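The values are calculated or read from the model by the stated rules, or taken from the named source; none is laboratory data. Given the structure is predicted, the values throughout are model-derived calculations rather than measurements. Note that each Cβ is placed from the backbone with ideal geometry, even for glycine, and that neighbours are counted across all protein chains shown. In case anyone asks, the SASA skips ligands and DNA or RNA and just uses the protein heavy atoms, side chains included. Shrake-Rupley method; radii C 1.70, N 1.55, O 1.52, S 1.80 Å.
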Amino acid sequence: MTTDPLVVFTPSGKRGHFPVGTPILTAARQLGVDLDSVCGGRGICSKCQITPSYGEFPKHGVTVREDALSEWNAVEQRYDDKRGLKPGRRLGCQATVQGDVVIDVPPESQVHRQVVRKAAAARAITMDPATRLYFVVVEEPDMHSPTGDLERLERALREQWQIDAITADLSLLSKLQPTLRKGKWEVTVALHKGHKDSVARIVEIWPGLHENGLYGLAIDLGSTTIAAHLTDLDTGEVKASSGLMNPQIRFGEDLMSRVSYAMMNPGGDQEMTRAVREAINDLVTSIADEAGIDPALIVETVFVCNPVMHHLLLGLDPVELGQAPFALATSESVTLPAREMDLTTMNPRAQVYILPCIAGHVGADCAAVALSEEPGKSQDLVLIVDVGTNAEILLGNTTRVLACSSPTGPAFEGAQISSGQRAAPGAIERIQIDPVTKEPRFRVIGSDKWSDEDGFEADIATTGITGICGSGIIEAVAEMRMAGLLDESGLIGSAEQTGSSRCIPEGRTHSYLIHDASAEGGSRITVTQGDIRAIQLAKSALYAGARLLMDEMGVDKVDRVVLAGAFGAHISTKHAMVLGMIPDAPLDKVQSAGNAAGTGARIALCNIAARAEIERVVREITKVETAIEPKFQEHFVAANAIPHKTDPFPELAKIVTLPTPSFNTGGDTEKTGRRRRRKA
């Protein structure tokens, strides 16, 4: 057994043991971690920046000490003096392994950067924002009327716009008089008045007529990605959409890992809060730059997020969410100045609104989906599944709406998969397997061509074929099942059993080879038995959550299924059904809603009446707690089969006939392997 230190890279999850003194860049290259470098490790290009994490990491089974990396050296100091390194960053070519360490590779250091595919959906929204522009002519002061400038501005707003009262903080008051005089007593003010406010607050003031617009941000803060939509508060038009990876991934890929980090490391919650707020500040700057606007014109932000992200965004300790009864610090909506959350790259007086949470594990993101998709107004019974690392599920119609969350984990997003990666150029996202020849063809992000089409090689010359993302692994497993390479239990057959030489031995089990360019120094992409098990666990949790709501509703089938979220928008409904991710339904009744949580955030940003509406609606939604329901485990076990052990799936049977091979001969299963090891 090696005594060399363990190096774990996030977000890829790749790990390995390396001798003391090994540069982090070298370790990354040997493991195939996506860490950029163009200067040959001389500390010049800064492409290999990494962020080490310290403390207890139960998920990875390591404790990272402060001396896990070599000390800061002269090369790093020289670069920091000339160009600057973010706090906590090191150069991967200079920092060397001294002990067990967890290393985060930030998005800007990755060659194949994440494509955060959460575009804004077209949606008709009645515009009634909390922040509006008002042009006024203010009476000039004179010796006979010793009224302050703020009071005369208030009078002008009352007379010209019927706005009764205003308030202003000191930073606004300090620029009031110069602005009035520069505008020759004609000014434009931005006033914020929320649906619960009795007085309007001056957010900004400009001399004369301000014609450069007013903007807000709708931000979907997920456990894996942060997606933002820059929205014109006059027209509702989305001017730019952008996103980035949630930097909290380095503290744990799933929510409970982050709660555990807060439990095990004093101040860990504050560390995660700082990380996500810094990322949001960077996102504000980049999205404003993309749209070509002054960030100071961003005067309002609406957030939707799950409960753990909600608490960490607000700087609240999430520990109570990690143990029954999963108590929230507050489930009500939250309104506060952006500066209280250290969001400093937008307008200094910008306001933040966070939608209410439904329950301890069903958050503001699920509330936003309810606002967008309105299950309580549906005449037919609709199942809405927001697919992510932690899936939120809604089931309802005009009579009743139920909600639950299901811990699917990160497998659907390519994590915990042997060849898995995030959705980035070069990742396989679509796959088909010929049921006769068992040969695969696939498409990768960055090319519209299939791998057996002319021009494919030219299309991928820059990116190569680097791995398989979430939608790709879903299709791969479903295609293997339809091609007879995989039996109902999820077991991959041998070459002799399947008739395909692509089924190759791997220990006591088998893998299916999709692509092999290792001879040319490229990637070797397989679907392993471990990958199948990870997908089975994830899809079983998703299905069991949906069935639990159906039990509570007293039904055996639903009329419609809506797949929400960035991942839900990119998976094939047919393959999701073959896999058994969702209950059986006619395929024409299974649809994608895109990023419904982001759409809900935009609705709340553009319409204050919608905020009051969702605050009312969440109080009427019935929460079903999967953690304490005995039937959840029963449904979970039955759902491990592909598509399902007991549910017949009659609608699926109309469009596809699944082979019925059985490869469980007693020698190839993981269970048999464990028995043999125990006997040994």
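With the condition kept exactly as written, say whether any residue in segment 512-525 is surrounded by 23 or more Cβ atoms within 10 Å (Cβ to Cβ), at pLDDT 95 or above and either within 25 Å of A576 (Cβ to Cβ) or not polar (S, T, N, Q) (or both). Give the derivation first.
Residues of segment 512-525 surrounded by 23 or more Cβ atoms within 10 Å (Cβ to Cβ): 512, 514, 525.
Filter again for at pLDDT 95 or above, leaving 512, 514.
This time we only want the ones that are either within 25 Å of A576 (Cβ to Cβ) or not polar (S, T, N, Q) (or both), so: 512, 514.
The answer is yes; a qualifying residue exists.
Within segment 577-618, work out how many residues are in a helix (DSSP H, G or I) and either of a type in the set (S, T, Y) or within 19 Å of M482 (Cβ to Cβ) (or both).
Going through segment 577-618 one residue at a time, the tally reaches 5.
Going residue by residue through segment 356-376, is there one that turns out to be farther than 28 Å from I280 by Cβ and assigned to a loop (DSSP other than H, G, I, E, B)? Full working, then the answer.
First, the residues of segment 356-376 that are farther than 28 Å from I280 by Cβ: 374-376.
With the extra rule that they be assigned to a loop (DSSP other than H, G, I, E, B), the set shrinks to 374.
Among the residues of segment 356-376, at least one is farther than 28 Å from I280 by Cβ and assigned to a loop (DSSP other than H, G, I, E, B), which makes the answer yes.
Taking segment 559-568 only, how many residues are under 15 Å from L383 (Cα atoms) and either open to solvent by less than 10 Å² (accessible area, probe 1.4 Å) or within 24 Å of the chain's Cα centre (by Cα) (or both)? Let's see the steps before the verdict.
As a first pass, look at segment 559-568 and keep what is under 15 Å from L383 (Cα atoms): 559-565, 568.
In the following step, the residues that additionally are either open to solvent by less than 10 Å² (accessible area, probe 1.4 Å) or within 24 Å of the chain's Cα centre (by Cα) (or both) were identified as 561-565, 568.
Residues meeting the conditions: 6.
Looking only at segment 178-204, count how many residues are open to solvent by 30 Å² or more (accessible area, probe 1.4 Å), in a helix (DSSP H, G or I) and of a type in the set (S, T, N, Q).
Of the residues in segment 178-204, 0 are open to solvent by 30 Å² or more (accessible area, probe 1.4 Å), in a helix (DSSP H, G or I) and of a type in the set (S, T, N, Q).
Within segment 68-85, can you find the residues that are touching a residue at least 12 places away in the same chain (Cβ under 8 Å), over 16 Å from F18 (Cα atoms) and not aliphatic (A, V, I, L, M)?
Residues of segment 68-85 touching a residue at least 12 places away in the same chain (Cβ under 8 Å): 68-70, 72-73, 75-76, 78-79, 83, 85.
Narrowing further to those that are over 16 Å from F18 (Cα atoms): 72-73, 75-76, 78-79, 83, 85.
The answer is W72, N73, E76, R78, Y79, R83.
When only residues in segment 571-604 that are within 30 Å of G216 (Cα to Cα) and not hydrophobic (A, V, I, L, M, F, W, C) count, which is surrounded by the fewest Cβ atoms within 10 Å (Cβ to Cβ)?
Only one residue tops the list, namely Q591.
Which ones in segment 138-177 are without any contact (Cβ under 8 Å) to a residue 12 or more places away in the chain, open to solvent by 80 Å² or more (accessible area, probe 1.4 Å) and either polar (S, T, N, Q) or assigned to a helix (DSSP H, G or I) (or both)?
Once the filter is applied, which keeps residues that are without any contact (Cβ under 8 Å) to a residue 12 or more places away in the chain, open to solvent by 80 Å² or more (accessible area, probe 1.4 Å) and either polar (S, T, N, Q) or assigned to a helix (DSSP H, G or I) (or both), segment 138-177 yields E151, R158, E159, Q162, L170, S174.
With respect to the numbered conditions (1) closer than 26 Å to A156 by Cα; (2) in a loop (DSSP other than H, G, I, E, B), which one is the sole condition not fulfilled by S223?
S223 satisfies all of (1) closer than 26 Å to A156 by Cα; (2) in a loop (DSSP other than H, G, I, E, B) except (1).
Sort out which residues of segment 237-291 are open to solvent by 20 Å² or more (accessible area, probe 1.4 Å) and not in a helix (DSSP H, G or I), and write them in order of number.
Scanning segment 237-291 gives E237, V238, K239, S241, S242, G243, L244, D254, P266, G267.
Each row is one residue, and each column tells you yes or no for (1) at pLDDT 85 or above; (2) open to solvent by 20 Å² or more (accessible area, probe 1.4 Å); (3) part of a loop (DSSP other than H, G, I, E, B).
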| residue | (1), (2), (3) |
| --- | --- |
| W72 | yes, yes, yes |
| R78 | yes, yes, no |
| D81 | no, yes, no |
| I103 | yes, no, no |
| E108 | no, yes, no |
| H112 | no, yes, yes |
| A120 | no, yes, yes |
| A124 | no, yes, yes |
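Given the conditions (1) without any contact (Cβ under 8 Å) to a residue 60 or more places away in the chain; (2) farther than 25 Å from I468 by Cα; (3) not hydroxyl-bearing (S, T, Y), which single one is not true for H17?
(2)
Suppose we keep only residues that are in a helix (DSSP H, G or I) and modelled with pLDDT of 90 or more within segment 411-465. Which one would you say is surrounded by the most Cβ atoms within 10 Å (Cβ to Cβ)?
Checking each candidate, the answer is F456.
Based on this model, can you work out whether E429 counts as touching a residue at least 60 places away in the same chain (Cβ under 8 Å), charged (D, E, K, R) and farther than 30 Å from D34 by Cβ?
Working: touching a residue at least 60 places away in the same chain (Cβ under 8 Å): yes; charged (D, E, K, R): yes; farther than 30 Å from D34 by Cβ: no.
The answer is no for E429.
Of everything in segment 46-70, what is surrounded by fewer than 18 Cβ atoms within 10 Å (Cβ to Cβ), closer than 18 Å to A27 by Cα and polar (S, T, N, Q)? Give them in sequence order.
S70
Taking only pairs six or more apart or across chains, which ones have beta-carbon atoms under 6 Å, a first residue in segment 437-466 that is on the phi < 0 side of the Ramachandran plot, and a second residue that is assigned to a helix (DSSP H, G or I) and acidic (D, E)?
Taking only residues 6 or more apart or on different chains, the pairs are S447/D459; K449/D459.
Tell me whether segment 633-656 contains one or more residues that are closer than 24 Å to V401 by Cα, surrounded by fewer than 17 Cβ atoms within 10 Å (Cβ to Cβ) and out of contact with any strand residue (DSSP E or B) (no Cβ under 9 Å at 6 or more places or on another chain).
yes
I'm checking my understanding of the structure. Among residues of segment 83-94 that are modelled with pLDDT of 85 or more and more than 20 Å from F251 (Cα to Cα), which one is surrounded by the fewest Cβ atoms within 10 Å (Cβ to Cβ)? Spell out the reasoning first.
Start the filter on segment 83-94 by keeping residues that are modelled with pLDDT of 85 or more, which leaves 85-94.
If we keep only those that are more than 20 Å from F251 (Cα to Cα) as well, we get 85, 93-94.
Values: L85: 16, C93: 27, Q94: 22.
Among residues in segment 83-94 that are modelled with pLDDT of 85 or more and more than 20 Å from F251 (Cα to Cα), the one surrounded by the fewest Cβ atoms within 10 Å (Cβ to Cβ) is L85.
Taking the stated definitions as given, is T26 surrounded by 13 or more Cβ atoms within 10 Å (Cβ to Cβ), within 32 Å of the chain's Cα centre (by Cα) and among the hydroxyl-bearing types (S, T, Y)? Let's see the steps before the verdict.
Details: surrounded by 13 or more Cβ atoms within 10 Å (Cβ to Cβ): yes; within 32 Å of the chain's Cα centre (by Cα): yes; among the hydroxyl-bearing types (S, T, Y): yes.
Yes; evaluated as a whole, the condition is true for this residue.
If I filter segment 486-497 for residues that are surrounded by fewer than 22 Cβ atoms within 10 Å (Cβ to Cβ), at negative phi and free of Cβ contacts under 8 Å to residues at least 24 places away in the same chain, do I get at least one hit?
There is at least one residue in segment 486-497 that is surrounded by fewer than 22 Cβ atoms within 10 Å (Cβ to Cβ), at negative phi and free of Cβ contacts under 8 Å to residues at least 24 places away in the same chain.
May I ask you to verify whether A627 is of a type in the set (G, A, S), more than 21 Å from the chain's Cα centre (by Cα), in a helix (DSSP H, G or I) and surrounded by fewer than 21 Cβ atoms within 10 Å (Cβ to Cβ)?
Working: of a type in the set (G, A, S): yes; more than 21 Å from the chain's Cα centre (by Cα): yes; in a helix (DSSP H, G or I): yes; surrounded by fewer than 21 Cβ atoms within 10 Å (Cβ to Cβ): yes.
Criteria met by A627.
When you check V97 against the structure, is it in contact with a strand residue (DSSP E or B) (Cβ under 9 Å, 6 or more places away or on another chain) and under 27 Å from S518 (Cα atoms), yes or no?
Spelling it out, it is not the case that V97 is in contact with a strand residue (DSSP E or B) (Cβ under 9 Å, 6 or more places away or on another chain) and under 27 Å from S518 (Cα atoms).
Mind checking whether some residue in segment 294-313 is modelled with pLDDT of 95 or more, farther than 23 Å from S242 by Cβ, under 20 Å from the mean Cα position of the chain (by Cα) and open to solvent by less than 50 Å² (accessible area, probe 1.4 Å)?
The answer is yes, given that some residue of segment 294-313 is modelled with pLDDT of 95 or more, farther than 23 Å from S242 by Cβ, under 20 Å from the mean Cα position of the chain (by Cα) and open to solvent by less than 50 Å² (accessible area, probe 1.4 Å).
For segment 164-187, check the following and say yes or no: at least one residue is at negative phi, modelled with pLDDT of 90 or more and in contact with a Phe, Trp or Tyr (Cβ under 6 Å, 6 or more places away or on another chain).
no
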